[in-house]
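Engineer: So that we are looking at the same thing, I have put the structure below in structure tokens.
The values are calculated or read from the model by the stated rules, or taken from the named source; none is laboratory data. Not measured: the values here are computed from a predicted model. Here the Cβ is made from the backbone with ideal geometry for all residues, glycine too, and neighbour counts use every protein chain on show. All accessible areas refer to the heavy atoms of the entire protein, side chains included, with ligands and DNA or RNA removed. Shrake-Rupley method; radii C 1.70, N 1.55, O 1.52, S 1.80 Å.
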Amino acid sequence: MASSAARPVVRKHSSAPDIVGSAVLGCCAAWALVCAAGRTARPEGVLLAVLAVAAGYACGRIAGSLLPVASATAAALAGLGLARTVPDGAGGHDGAAHAALFTLAVGAACGAAWGARSAVLRLALRLLAVAIAATALVAGSPAGCAAGALVLLCSLAAARARRRLPGLAGLALVAAVAVGGCWAIAEDTLPDRLSAPLRDRLGEHRVRLWQDAVRIAGHGPLRGAGPDRFGELSPTVQRSVTASDDTPSSAPLQQAAGQGLPGAALLGAAFGWLLYALWRSPRRTPAVLTAAATLTALAVESVLGNALSFPEVTAGAGLIAGLATARLPDADPGPFAGVPPPLDPLPATR
């Protein structure tokens, strides 16, 4: 009885996360079309992001079932290569896309380390994650270096985790606090002793963009102003001399301004679906929490910048989730798998 109690829990693959994910992504695409109907809006960006997430998730599920360590390592190297080719400052004032690609690359390397069976290979993959974080700092992305270091620390701390639900709940709380803080700064509802240093760190220009997004969302809380119309309606953008500065530099506020409060809620539902899929994943708990930490870091970066405006970032997020929720390649299919059926008994002879 004692040996059976110490046996690790094996989670079977369930189709429920796939059904939920299809419903959430379908609603995101459909609501973007509803909000764009009858307006000079451009829902192509939202539709491309939904397609990128779905494609990355499907590729991750397939590759993770066949070659989990090799595919995750390849994803880390690909993310590093993409991050090196993205121009500095892309994706907002602090290069949110630049930082997000480095973060995803570190998360993929840490996830590959948890899938490796050799201690030497596991150490090499973690050193790769350290090298990627250091490269982010050298490349001029301190946000990517900090986020990658946090993902690496969370991955190492996950080794002691025995239950994944508390960790996933804590990471969801981190993302919720980031969104709530962003909205509170835009609404100017924080106390001065908290608001002043945050505004100084974020910059007055970005804060004014957030305030414009909240104001636009207030005029159309149900359908918003239409996807990709923020640049036309924001006074701050009209006064700006930067041509690429046509978004509010925050994914939740961009959704709220373009698609109303339901659009922002659907964005949160997409993040919740990924956490739910990780909770039901058959993979080991440390690998699951590593992927969740990576996605949470990406969520915080998307709250503070335009990371999700780039399809390579959204596809990478789906890929990380797909790798961490893929069916185990050596899963036990059953007690009699691979055993030939018994021969029919010979008829009794007298």
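Engineer: Of the numbered conditions (1) out of contact with any Gly (no Cβ under 7 Å at 6 or more places or on another chain); (2) touching a residue at least 40 places away in the same chain (Cβ under 8 Å), A157 satisfies every one except a single condition; which is it?
Structural biologist: All conditions pass for A157, except number (2).
Engineer: Same structure again: Condition test on L80, is it under 17 Å from the mean Cα position of the chain (by Cα) and either modelled with pLDDT of 95 or more or not small (G, A, S) (or both)?
Structural biologist: So L80 fits the description; yes.
Engineer: Of all the helices (runs of 4 or more DSSP H) wholly in region 156-248, which have at least 2 residues that are farther than 29 Å from T294 by Cβ?
Structural biologist: 192-202, 204-219, 230-233, 235-239
Engineer: Right, here's the next one. Go over the candidates V214, V207 one by one and state the one that is more than 15 Å from G305 (Cα to Cα) and modelled with pLDDT of 90 or more.
Structural biologist: After ruling out the rest, the residue left standing is V214.
Engineer: Within region 235-248, can one find any residue that is among the hydroxyl-bearing types (S, T, Y) and under 23 Å from A270 (Cβ atoms)?
Structural biologist: Yes, region 235-248 contains at least one residue that is among the hydroxyl-bearing types (S, T, Y) and under 23 Å from A270 (Cβ atoms).
Engineer: Scan region 284-297 for residues that are of a type outside the set (S, T, Y) and either buried (at least 24 other Cβ atoms within 10 Å of the Cβ) or modelled with pLDDT of 95 or more (or both) and jot them down.
Structural biologist: P286, A287, V288, L289, A291, A292, A293, L295, A297
Engineer: Restricting to region 234-278, name every residue that is of a type in the set (A, V, I, L, M, F, W, C), at pLDDT 90 or above and open to solvent by 60 Å² or more (accessible area, probe 1.4 Å).
Structural biologist: L261, A265
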